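First up is the structure itself, then whatever we jot down about it.
The values are calculated or read from the model by the stated rules, or taken from the named source; none is laboratory data. Because the structure is a prediction, the values reported are computed rather than measured. Here the Cβ is made from the backbone with ideal geometry for all residues, glycine too, and neighbour counts use every protein chain on show. Surface accessibility is based on the protein's heavy atoms, side chains included, excluding ligands, DNA and RNA. Shrake-Rupley method; radii C 1.70, N 1.55, O 1.52, S 1.80 Å.
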Amino acid sequence: MKQYIKTRHENFLSDFKTIVNIDSSSDNKSGIEKVARFFEKRFARIGLDTEILFLGDKKVPCLYAEHRPSKKSFDIMFLGHMDTVFPTGEVEKRPFSITGNRAFGPGVCDMKGGLLVVLHVLETLKHEGILDSLSVCVAFNGDEETGSHASRDWIMSTAKKSLQTFVFEPCRPGYRFVLQRKGGGWFQIIVKGQEAHAGADPEKGINAVVELAHQIVKINQLNQNEMQTSVHVTVISGGDKVNIIPNMAKASVDVRILKLEEKERIETYFKNLPEHTYLKGAQIKVQGHIDRPPMEPGDGTRKLWELIRSTGEQMGLQMESISTGGCSDGNYTSAAGAPTIDGMGIVGANSHRADEYAELDSIDNMVGLVAQVCKAIAEKNKLI
C-alpha cells in the first residue's frame with residue numbers, strides 16, 4: 001500500500017502540472033473542454049460512464065460521470081468546477097511550479113487541485129475493490145466563476161438524486177472545512193434625472209447623483225448584523241462634466257444572506273425602491289436578484305461532518321468546520337436538499353490571486369481522507 005500511495009502521489013503531481021497548464025478561464029470554452037477531456041478519459045478508464053455536456057446558450061462544457069450499480073440514488077455526488085478566473089495567457093506568464101511544500105499556478109487550489117482529489121479518490125477505490133460497492137456521480141461544470149448560470153439547474157437536479165454531496169473547493173489551511181456559506185446576489189440601481197447648466201439654471205435640473213446618494217444611505221440600513229446579512233454598495237458612477245447637473249447615476253450593490261428568510265425582505269425592498277424617490281421627478285430602475293440561496297447545515301450535514309471529522313481524527317488530522325460569506329455551487333446542492341460538505345479539495349489559499357497556492361503535503365491526506373469516508377459509506381451499504 002505504501003508503494004501505491006507513493007506512486008499515486010507522483011501521478012497526482014504529473015496530473016497537476018498537466019491541468020494547471022491549461023488556460024481555462026470561464027470565457028475560454030476550448031480550454032475548459034480540454035480539461036474535461038482529460039478527466040473523461042481517466043474516469044472512463046476505471047469504468048465510469050462519462051459524458052461531456054454543453055449547457056445553455058453559450059454551450060458551456062461540463063463533465064458528467066457516474067458509477068451506478070443498480071441503485072435509485074447516488075451515495076455520493078462529487079462536485080467541482082473546471083473554470084478559473086484567470087485570463088487566457090496566464091499559464092504562459094506563470095505556469096505550474098513547485099517551491100518547497102507549495103504548488104503555484106492559475107487555479108492550483110481553486111480548484112484544479114480539488115478536481116484531482118476526486119479523480120485519485122475514485123482511482124484508489126477502484127484499486128482497492130471498493131468502487132463497485134458505491135453508487136457515485138461526478139459533476140464538473142465550466143461556469144462556476146461567473147455564477148453557474150448555465151449549469152445551475154443541472155447541478156441541482158443531480159443533487160436531488162444524491163444522498164450527499166462533497167464539494168471540492170479548497171480546504172482552508174489548518175484543515176478547515178466549510179459547512180455553511182452565505183447566499184448572495186447583486187442589484188443595480190439606475191437613476192435618471194434631468195441635466196441642466198450647473199451655474200446658469202441648476203433649478204431646472206434633477207440631480208441623479210443626489211438622488212442616488214440618498215438611496216445609498218437607505219440601502220446601507222439594510223445591513224442586519226444579528227442575521228449576518230450584508231448589503232453593500234460597491235461601485236458607483238454618475239455625472240459627465242463638472243458644470244452640468246447629472247441626469248444619470250448608477251450603483252452596484254452586493255448582497256449576502258446567511259438565512260433564506262432574509263431573501264424576501266431584501267428582494268421586496270429593492271422591488272419597491274422605485275416608488276420611494278427623494279427628488280421630485282427622479283426615476284429609478286432596479287435590476288438584479290439574489291441568485292444563490294444560503295448553504296445552511298441541517299441534521300444530515302452535521303451527521304456527515306461527524307463521519308468526516310472522526311475519520312480524519314483516526315488519521316491524525318485535527319480538523320474543524322467553518323462558516324464563510326463566500327458562495328459556491330454547494331449553495332445549490334444544499335438548497336436541493338442534499339447534505340453538503342464543502343472544502344473537500346486540496347489545502348490551499350489566496351484564491352483568485354497571482355500568489356494562489358496549494359499545500360503539497362495535503363495531497364495524500366485529502367485523497368486518503370475522502371477515500372476512507374467513501375469506504376465507511378460503502379460498509380454502511382453492506383449492512384443495509
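Residues checked against (1) within 24 Å of Thr277 (Cα to Cα); (2) at pLDDT below 95; (3) aliphatic (A, V, I, L, M):
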| position | (1), (2), (3) |
| --- | --- |
| Tyr175 | no, no, no |
| Phe187 | yes, no, no |
| Val191 | yes, no, yes |
| Glu195 | yes, no, no |
| Asp201 | yes, yes, no |
| Asn207 | yes, no, no |
| Gln228 | no, yes, no |
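Here is a yes/no grid of residues against (1) modelled with pLDDT under 95; (2) within 27 Å of the chain's Cα centre (by Cα); (3) not polar (S, T, N, Q):
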| position | (1), (2), (3) |
| --- | --- |
| Leu273 | no, no, yes |
| Gly288 | no, yes, yes |
| Ile308 | no, yes, yes |
| Cys327 | yes, yes, yes |
| Ala336 | no, yes, yes |
- If a residue has to be touching a Lys or Arg at 6+ places or on another chain (Cβ under 8 Å), part of a helix (DSSP H, G or I) and under 12 Å from Pro61 (Cα atoms) to count, how many in segment 16-34 make the cut? 1
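Given the options Ile236, Ile216, Ile190, name the one that is assigned to a helix (DSSP H, G or I), in contact with a strand residue (DSSP E or B) (Cβ under 7 Å, 6 or more places away or on another chain) and surrounded by fewer than 18 Cβ atoms within 10 Å (Cβ to Cβ). Even if it seems obvious, please write down each step before you answer.
On the way: Ile236 fails: assigned to a helix (DSSP H, G or I); Ile190 fails: assigned to a helix (DSSP H, G or I).
Every option except Ile216 fails the conditions.
Need a quick list: strands (runs of 3 or more DSSP E) entirely within segment 52-156 having at least 2 residues that are closer than 17 Å to Ala358 by Cβ and open to solvent by 10 Å² or more (accessible area, probe 1.4 Å).
Numbers: elements: 60-67, 76-81, 97-99, 102-104, 136-141.
Ranges flagged: 97-99, 102-104.
Take segment 23-51 and flag every residue that is hydrophobic (A, V, I, L, M, F, W, C) and surrounded by 20 or more Cβ atoms within 10 Å (Cβ to Cβ).
Pass one, segment 23-51, residues hydrophobic (A, V, I, L, M, F, W, C): 32, 35-36, 38-39, 43-44, 46, 48.
Matches in segment 23-51: Ile32, Val35, Ala36, Phe39, Phe43, Leu48.
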- The correct count of residues that are in a strand (DSSP E or B) and open to solvent by 50 Å² or more (accessible area, probe 1.4 Å) in segment 160-187 is 3
- Residues Thr158, Thr229, Thr165: which one is in contact (Cβ under 8 Å) with a residue 24 or more places away in the chain and under 14 Å from the mean Cα position of the chain (by Cα)? Thr165
- Task: Given the conditions (1) surrounded by fewer than 15 Cβ atoms within 10 Å (Cβ to Cβ); (2) polar (S, T, N, Q); (3) without any contact (Cβ under 8 Å) to a residue 60 or more places away in the chain, report the number of the one that Asn247 does not fulfil.
- Result: (1)
- Message: Please go through segment 362-384 and give me each residue that is open to solvent by 60 Å² or more (accessible area, probe 1.4 Å), assigned to a helix (DSSP H, G or I) and farther than 16 Å from Glu123 by Cβ, ordered by number.
- Response: Glu379, Lys380, Lys382, Leu383
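Based on what the data block shows, is Gly205 open to solvent by less than 30 Å² (accessible area, probe 1.4 Å), touching a strand residue (DSSP E or B) at 6+ places or on another chain (Cβ under 7 Å) and either basic (Lys, Arg) or more than 30 Å from Glu359 (Cα to Cα) (or both)?
Taking the combined requirement at face value, the residue satisfies it.
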